[in-house]
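Below: one structure, written as structure tokens.
Where a number appears in this text, it was derived from the coordinates with a stated rule and is not lab data. Since the model is a prediction, treat every value here as computed from it, not as a measurement. Virtual Cβ from ideal backbone geometry, glycine too; neighbours counted across all protein chains shown.
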Amino acid sequence: MEDNIFLSAKNSKKYNSIIDETIRRICIEEIPKYNNDEDVIKSVKNKLHQISQSYMTSGFTRELKRLNKGKPVDFKYLITTHSSTAERVSFRDEFYNDIFKVTRDFKSILDLACGLNPIMLGEYLSNKNHELDKYIAEDIHTDLTKFIVSYFGKIKYPIIAYTSDLLIRIPTEPVDLALLLKIVPVLEQQRKNHYRKVIDEINAKYIVVTFPTKTMSGKLVGMLENYKVLFDNFLLSSDYEVVFTKIYSNELMYIISNIR
């Protein structure tokens, strides 16, 4: 049963770039909830859509086809094809300037469930002539890592881009700066409080955690208040110090540091 459901999801054009371990994990989680394969498959595909495909536009697919054919990719346009980076375009410099002021001369970055953020941040760092020893980018999408590797080859920054699932494996390599940009709600959707484990196990001097404050359609539905309560409660029970926090037009940022 599990193999049939896995193959049904994996063979779908919409989800075949998602790594096997994520698809199989979701299959295993959904099978006990339903009495027949059809309902399980429907639920698995719905979960995959929620954590991945809902963030991408058709423009992403078009640029991927260009990349796969060896044609030049419009990277400035590309970041607008993924909602997470598209929503940050209008305040990009302010956002990264604020991180820069706090973390200063960081030389290594870990970008978790990164989406296309490495391309947006890579452009910013390149324009600043910021020296970087290592950028580690992790996501469940093989297509995303293709774009990231291609872009970093263009700007000649060292990149380690790989596919992995944070609900299965949490990276522990020491870095100066770890980024969890709008990923906590996606983790909460799949496993309650798992984000706490992720934050506690990563090994970074500074951790940037952000939350969306509006829906993808731009609606205010209490997200700012709810996520602020969620994360403030976590911080009260942790050993992390908040060194910076700010609300942007559609994103709430915390920069925290481990003071243990």
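Report the antiparallel proportion of the DSSP beta bridges in the chain as a percent, rounded to a multiple of 5. In the chain, approximately 45 percent of DSSP beta bridges are antiparallel ones.
Ranked by how many other Cβ atoms sit within 10 Å of their own Cβ, fewest first, the residues Met56, Met223 fall in the order Met223, Met56.
Ordering Val149, Val73 by the number of other Cβ atoms within 10 Å of each residue's own Cβ, fewest first, gives Val149, Val73. Loop only per DSSP, at most 13 neighbouring Cβ atoms within 10 Å: give me the trypsin sites (Lys or Arg not before Pro) in the range 204-244, ordered by residue number. Sparse-neighbourhood loop trypsin sites (Lys or Arg not before Pro): Lys219. Annotation for the range 5-71: chymotrypsin sites (Phe, Trp or Tyr not before Pro) lying in DSSP loop with at most 15 further Cβ atoms inside 10 Å of their Cβ are Tyr34. Over 23 Å between Cα atoms, which of Lys76/Lys246; Lys65/Lys154; Lys42/Lys146; Lys71/Lys156; Lys14/Lys228 qualify? Pairs exceeding 23 Å: Lys76/Lys246; Lys42/Lys146; Lys14/Lys228. Note on the chain: dipole from Cβ charges, positive end direction compared against Ile79, Gln53, Ile28; the farthest Cα belongs to Ile79. Which of the aspartates and glutamates could be linked to Lys197 by a straight reach, that is with a Cα gap under 18 Å, when you skip same-chain ones fewer than 8 residues away? Candidates past the 8-residue exclusion: Asp111, Glu138, Asp139, Asp165, Glu173, Glu188, Asp232, Asp239, Glu241.
Just check the range 82-258 against the gyration tensor rule for me: Cα atoms, a ≥ b ≥ c as the square roots of the eigenvalues, rounded for a/c under 1.5, and otherwise prolate or oblate depending on whether a/b exceeds b/c. It is rounded, given that a/c, with a ≥ b ≥ c, falls under 1.5. Working from label points 7 Å from Cα in the Cα-to-Cβ sense, the Lys69 to Glu131 distance is 4.2 nm. Neighbour counts of other Cβ atoms within 10 Å put Ser249, Ser58, Ser238 in the fewest-to-most order Ser58, Ser249, Ser238.
Of the trypsin sites (Lys or Arg not before Pro) in the range 114-201, the ones in a loop by DSSP (not H, G, I, E or B) with at most 15 other beta carbons within 10 Å are Lys128, Lys156, Arg169, Arg191, Lys192. Counting only C-alpha contacts under 8 Å and six or more residues apart, can you give the relative contact order of the range 82-258 as a whole percent? Averaging sequence separation for qualifying contacts and normalising by length gives 20 percent for the range 82-258. Evaluated with a Cβ-only charge set (Lys, Arg +1; Asp, Glu -1), the chain carries a dipole of roughly 760 debye about its Cα centre, given to the nearest 20.
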